[in-house]
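Novice: Okay, handing you the structure first.
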Amino acid sequence: MNNNKFEIFKNFQNFFGGDIIFKNEEQKNNKNSDKSLDFNNNDLKTIYFAGGCFWGIEAYFSKLKGVIDTKVGYTNGFIPNPSYEEVCSIDTGHAETVKIVYNKNIISLKRLLEEFFKIIDPTTLNQQGADIGKQYRTGIYYVSDGSRDASKDLSIINKVFSEEKNKYGEKNKSVVTEIKPLRTFYEAEDYHQKYLDKNPSGYCHIDLDLIPKDILEIESVSSELIDDYEFDECNYKYFTPEEKEEKLKRLSEIEFNVTQNSATEAPFTGKYDKFNEEGIFVDIVSGEPLFTSLDKFDSNCGWPSFTKTIDHDTVEENQDNSHGMVRTEVKSKIGKSHLGHLFDDGPIERGGKRYCINSASLRFIPVKDLKKEGYGEYYELFKK
């Protein structure tokens, strides 16, 4: 704990007696002051940053055009609804964090992450500036709800994080910023909200002169202005146990039993058995690419059949002695999902193999959506 900062807090609290005086209603409601912003709720997204004392982090990001709302609070600890005194004096597990609500059409998640890494030192553990303690650790906390948007956001986070690791690796330094799904966020007391607006000469470890002018000078809002998802890299490469846990919660009963308990769907019941659209098939849990429609054939066995996998090392093959038979089980390499079995009775002219796969273990990505979904590297396969 930084004693000087805590003394500032106590003096401030004692002076105002817990009643905060706001300059105007706008400040009281903690809204971005730019009235030119036109948006609806579908344009808004949320990310959470921890970077030392939340006063400075909040002050910095609240000034960026496209940031609609900010709240400071306590994140991912084990004590419910802690007070500031508790966070500063005992181990609550919480990090001082800023909740950032932003208009995705004005400022991208990638840009927010770049600004975040610009103003913190990601190589110091449990310390930023003069503030020392677990509550001052650096972290990026994302909403993990199993949706495609959440998966894409995590891919962007991991990509920027990887770039930072490489940059500091060249200096023989390690990045210790944590990336975790948001478990809890408790708003801090009122007197912490917009603290530096109410106390311009208050403590701040962030250089607010670093706020970029190009963001401040954006004048128009367009759905074409920002596109975070124009990338040919999908999140399966960074698939985490936490994300798998969230994805499993959203599977249907048959999808869960097939992928996690090695069950088999009834023949001729799967949605991809008699299915002929062009595209690729990915693991329904991890999203890793598995097969293409180019290698699919009708074996009349009752399950989708493929002559080969999309890449040579995308699946695991294990001996399966269940049900009194000796078979070769096929599992996804990253997600460890049970997919089906491999047999040697496929078309001879196409290699002689038959990957017999459960529809319940797959998700289909049509050719037209490959780039948008992050599988752009496979688009060339379908060019005539």
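The values are calculated or read from the model by the stated rules, or taken from the named source; none is laboratory data. Here the structure is a predicted model, which is why all the values come from computation and not from measurement. Don't worry about glycine lacking a Cβ; one is built from the backbone with ideal geometry, like all the others, and counts go over all protein chains shown. Surface areas here come from the heavy atoms of the whole protein model, side chains and all, with no ligands, DNA or RNA. Shrake-Rupley method; radii C 1.70, N 1.55, O 1.52, S 1.80 Å.
Novice: Quick check for me: using +1 on Lys/Arg Cβ and -1 on Asp/Glu Cβ, what's the dipole size of region 296-384 about its Cα centre, in debye to the nearest 20?
Specialist: Roughly 360 debye, rounded to the nearest 20.
Novice: Output wanted: per-residue J couplings in Hz (rounded whole) for region 62-79, from phi through Karplus 6.51 cos²θ - 1.76 cosθ + 1.60, θ = phi - 60°, x for Gly and Pro.
Specialist: 3J(HN,Hα) across region 62-79, in whole Hz: 5, 8, 7, 5, x, 7, 8, 7, 9, 9, 9, x, 10, 10, 6, x, 10, 10.
Novice: On to the next question. From largest to smallest, what semi-axes in whole angstrom does region 281-384 give when each is the square root of 5 times an eigenvalue of its alpha carbon gyration tensor?
Specialist: Taking √(5λ) for each eigenvalue gives 24, 16, 11 Å, largest first.
Novice: Which lysines have a Cα lying under 16 Å from the Cα of K134, excluding residues fewer than 8 positions away in the same chain?
Specialist: Result set, ordered by chain and number: K5, K180.
Novice: Going by average Cβ neighbours within 10 Å, how do the peptides 351-359, 325-333, 204-212 rank, with the highest at the top?
Specialist: 351-359, 325-333, 204-212
Novice: Sticking with this structure for a sec: Beyond 19 Å, what percent of the Cα pairs of region 327-384 remain?
Specialist: Everything past 19 Å amounts to 52 percent.
Novice: Expressed as a whole percent, how much of the Cα-Cα distance distribution for region 140-218 exceeds 22 Å?
Specialist: 57
Novice: Determine the order of W55, W303 by accessible area, beginning with the largest, at a probe radius of 1.4 Å.
Specialist: W303, W55
Novice: Still on this structure: Within 10 Å of each candidate Cβ there may be at most 13 other Cβ atoms; applying that plus a DSSP loop requirement, which chymotrypsin sites (Phe, Trp or Tyr not before Pro) in region 261-290 survive?
Specialist: Loop-located and lightly packed - F268.
Novice: I would also like to ask the following. When the Karplus curve 6.51 cos²θ - 1.76 cosθ + 1.60 is applied with θ = phi - 60°, which whole-Hz ³J(HN,Hα) does each residue of region 166-180 get, with x for Gly and Pro?
Specialist: Karplus values, whole Hz, x for Gly and Pro: 5, 5, 6, x, 5, 9, 6, 10, 9, 8, 10, 4, 8, 10, 9.
Novice: Students often check this: by mean Cβ neighbours within 10 Å, which of 251-257, 164-170 ranks highest, and how do the rest follow?
Specialist: Going from most to least packed, we get 251-257, 164-170.
Novice: What lysines does K383 reach when the alpha-carbon gap must be under 20 Å and sequence neighbours fewer than 8 apart in one chain are set aside?
Specialist: Result set, ordered by chain and number: K296, K308, K368, K371, K372.
Novice: Ok, one more. Rounded, prolate or oblate: which fits region 133-176, taking a ≥ b ≥ c as square roots of the Cα gyration tensor eigenvalues, rounded meaning a/c under 1.5, else prolate when a/b beats b/c?
Specialist: Verdict is oblate for region 133-176.
Novice: Going by average Cβ density within 10 Å per residue, which order do the peptides 150-161, 178-189 take, highest to lowest?
Specialist: 150-161, 178-189
Novice: With the calculation restricted to Cα positions, what are the radius of gyration and Dmax of region 230-310 in angstrom?
Specialist: 14.0, 39
Novice: When only the heavy atoms of the protein chains count and the probe is 1.4 Å, how do V143, V72, V175 rank by accessible area, highest first?
Specialist: From most exposed to least exposed: V143, V175, V72.
Novice: Another question, if that's okay. Given Cβ point charges of +1 (Lys, Arg) and -1 (Asp, Glu) and nothing else, what value in debye, to the nearest 20, does the dipole of region 40-192 about its Cα centre take?
Specialist: Dipole magnitude for region 40-192 comes out near 740 debye.
Novice: Related question: Tabulate in residue order the Karplus-calculated ³J(HN,Hα) for region 370-381, using 6.51 cos²θ - 1.76 cosθ + 1.60 with θ = phi - 60°, rounded to whole Hz; enter x for Gly and Pro.
Specialist: Result, rounded to whole Hz: 4, 5, 4, 7, x, 10, x, 5, 9, 4, 4, 4.
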